[in-house]
Amino acid sequence: GSSGGGKGAGGGGGGGGGGSIVDGEHPPLCTARGLRTLRKSSADLRRRAVECLSKYPRRRLFLQGRETLRAGELVDAAAAQYGLSGEEYCEQMARDSYWGGGPEIVALCNVLRRPIHVYELCSVEEGDDSTASSAAAAEECPRATNLMRGALYLPASIDRLDTGRYNAP
């Protein structure tokens, strides 16, 4: 954990105590210190995602609505796509040079108890008015639409993710 700084410390380009990422803000990427902080935070998120997927394979992970899946089942499905065992998959995901996708996002949603939305930018020709509404933009970029539809929502009404018990919204 970081010492000093408290909530909102990541705001400006200067101080901020321990250099941790706070309230969704990131350190300035134009400084060596900011890059070190980002690298450290990224490594921590990677570790937490892999730990969530590998340490307790019977843990139920929230997907969306009331849908859950055991961590081990999620890992095995992802690993099978690459011809790996679940253990090999997690070992690769723990390395800096590898990153998965869906399973890691699900794990981080559950660990952080926050929604993670993935958007893919698509090119739009200059002067194209079809981006005026999100519906029109979605028609122009079906990949983004699919990603937006597949975005994971983690409502604040979740009681305990690891047992699959939920509070009514």
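When residues in the stretch 63-99 are screened for being aromatic (F, W, Y) and in contact with a Pro (Cβ under 9 Å, 6 or more places away or on another chain), 1 of them pass.
With a requirement of 1 or more residues that are touching a residue at least 60 places away in the same chain (Cβ under 8 Å), the helices (runs of 4 or more DSSP H) lying completely within the stretch 35-128 that satisfy it span 102-112.
Mind checking which residues of the stretch 42-60 are over 27 Å from H26 (Cα atoms) and either touching a Lys or Arg at 6+ places or on another chain (Cβ under 8 Å) or among the acidic types (D, E) (or both)? Spell out the reasoning first.
The first filter runs over the stretch 42-60 and keeps only residues over 27 Å from H26 (Cα atoms), leaving 54-60.
Across the stretch 42-60, the qualifying residues are P57, R58, R59, R60.
Identify, please: which residue in the stretch 15-34 is over 21 Å from C109 (Cβ atoms) and either in a helix (DSSP H, G or I) or in contact with a Pro (Cβ under 9 Å, 6 or more places away or on another chain) (or both) and is, among those, modelled with the lowest pLDDT? Among them, the one singled out is G16.
The values are calculated or read from the model by the stated rules, or taken from the named source; none is laboratory data. Note that the structure is predicted; figures quoted are calculated from it, not measured. Neighbour counts run over all protein chains shown; Cβ positions are idealised from the backbone, glycine included.
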